[in-house]
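Scroll down for the structure; my scribbles are underneath it.
The values are calculated or read from the model by the stated rules, or taken from the named source; none is laboratory data. These numbers come from a predicted model, not from an experiment. Here the Cβ positions follow ideal geometry from the backbone for every residue, glycine too, while neighbour counts run over all protein chains shown.
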Amino acid sequence: MSTILKRFLIVSSLYLLAPTANALDLGTKLNTGALDLPQQSVKVSGEAQQLVGTLQEQLGVTKTQAAGGTGALLQLAQNQLDGNSFSQVTDSVSGLSGLLGGGSGGSGSLLSSALSNISSMDGVEKAFSALGLQSGAIEQFAPIVLGFLKEQGLGADIIGNLSSLWGVGS
């Protein structure tokens, strides 16, 4: 057998086997920047657990993705809304402020760094990407988060501000 034919067979075999064995999936992880955070490292408390559970159930995301995606949206709200408005958001749901990327050490700090300094929707998209979510997931997360906040009694004016900020039609 010629050398060229042998190389072709080896390369084509790798190409055909790679998708099923995920042997060459590293490129995808590097391209998406997905953080592979252990699920037990994400701590959600209070009523925020219900929100994270709802996101997991309705969207089929992991606990890390649900908490991180919500945290990214909240981080944007924290940086764009005035202090009083944002404190009304966090005061309306216990445990919500814990989703803002707080936490110490280990992979919690990875989540913190993914959620730090989000001041635009571009930053939210980058955080979603770091969590292994497509930017289109924002359009799925935001209405669920808004609906949950509305159920918790958050005022219509703040819900309207968040809707505008997150690009959700009323």
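Does the stretch 34-49 contain at least one residue that is within 16 Å of Q140 (Cβ to Cβ) and at pLDDT 90 or above? Within the stretch 34-49 (the criterion being within 16 Å of Q140 (Cβ to Cβ) and at pLDDT 90 or above), the answer is no, since none of the residues qualifies.
A single entry from S109, S113, S13, S94 fulfils the requirement of being surrounded by fewer than 16 Cβ atoms within 10 Å (Cβ to Cβ), under 25 Å from G160 (Cβ atoms) and either at pLDDT below 70 or out of contact with any strand residue (DSSP E or B) (no Cβ under 7 Å at 6 or more places or on another chain) (or both): S94. Looking only at residues in the stretch 156-170 that are part of a loop (DSSP other than H, G, I, E, B) and out of contact with any Ser or Thr (no Cβ under 9 Å at 6 or more places or on another chain), the one that is modelled with the lowest pLDDT is V168. Scanning the stretch 113-138 for residues that are part of a helix (DSSP H, G or I), under 24 Å from S94 (Cα atoms) and not aliphatic (A, V, I, L, M) gives S113, F128. For A142, the requirement of being in a helix (DSSP H, G or I) and either free of Cβ contacts under 8 Å to residues at least 60 places away in the same chain or in contact with a strand residue (DSSP E or B) (Cβ under 8 Å, 6 or more places away or on another chain) (or both) is not met.
Residues in the stretch 50-72 that are surrounded by 24 or more Cβ atoms within 10 Å (Cβ to Cβ) and either touching a Phe, Trp or Tyr at 6+ places or on another chain (Cβ under 6 Å) or not in a helix (DSSP H, G or I) (or both): L51, G69.
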